[in-house]
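Below is one structure, written out as structure tokens, with a few remarks after it.
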Amino acid sequence: MALKSFGRGGPGAEFPGSSPNTSPAPSQGAGSGGLTAFIDQGSEFEGKLQFRDTVRIDGRFRGEISSENTLIVGESGEIEATIHSKTIAISGSVEGDVVAETKVVLHKTARVNGNVQTPALQMEDGAILNGQVKMTKGGSGGNKLKSVSADGDAPKAKDEE
């Protein structure tokens, strides 16, 4: 069985290999193929993992993860690592800092204990995130900060007063 077809989602599936009841997010670019590696439930790895395409982890991993494309952490995935990737979809457990160039998606079963840095963060109801979130765009400054109170009232930004 060829790995290129393994875990590919059907038409409209944005993350190959993601579970059918969840739809995480990066679109398949011209250079990205399907799922190229899979660490199954029951497997345990420790060390440094570097990859170019899409990898799904449903087992345990401890160390560092670096990717040029997409990392998918399945529901049974347990990661203790610093993660740097273009796009990251989490349905399992991550202990460590997460840095994504494009997007982080936390599904309803996600549990993240660590800081997240990404230009876009999508969280489903039920996802747990304990840490700081830093959202940055490619360019510098110019963003107006607004705070929102628990009752939903949004005060004006300082330069709007």
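Looking only at the stretch 38-76, residues that are surrounded by fewer than 19 Cβ atoms within 10 Å (Cβ to Cβ), in a strand (DSSP E or B) and in contact (Cβ under 8 Å) with a residue 40 or more places away in the chain come to 0 in all.
Please tell me if GLU101 is without any contact (Cβ under 8 Å) to a residue 60 or more places away in the chain and more than 19 Å from ILE128 (Cβ to Cβ). Criteria met by GLU101. Taking the stretch 109-123 as the range and being part of a loop (DSSP other than H, G, I, E, B) and either among the hydrophobic types (A, V, I, L, M, F, W, C) or modelled with pLDDT under 50 (or both) as the test, the residues that pass are ALA110, ALA120.
With respect to (1) polar (S, T, N, Q); (2) under 15 Å from VAL73 (Cβ atoms); (3) at pLDDT 80 or above, the lone exception for GLN50 is condition (2). Take the stretch 57-102 and flag every residue that is out of contact with any strand residue (DSSP E or B) (no Cβ under 6 Å at 6 or more places or on another chain), more than 17 Å from THR36 (Cα to Cα) and of a type in the set (Asp, Glu). Matches in the stretch 57-102: GLU75 only.
For THR109, the conditions (1) surrounded by 18 or more Cβ atoms within 10 Å (Cβ to Cβ); (2) closer than 19 Å to ILE65 by Cα are fulfilled apart from (2). Listed by first and then second residue, the pairs with beta-carbon distance under 8 Å, at least 6 apart or on different chains, first residue in the stretch 124-139 and assigned to a loop (DSSP other than H, G, I, E, B), second modelled with pLDDT under 95 and among the β-branched types (Val, Ile, Thr), are GLU124/THR22.
Here SER18 does not qualify as part of a loop (DSSP other than H, G, I, E, B) and at pLDDT 95 or above.
The values are calculated or read from the model by the stated rules, or taken from the named source; none is laboratory data. Here the structure is a predicted model, which means the values were calculated and not measured. Note that we place each Cβ from the backbone using ideal geometry, even for glycine, and neighbour counts take in every protein chain shown.
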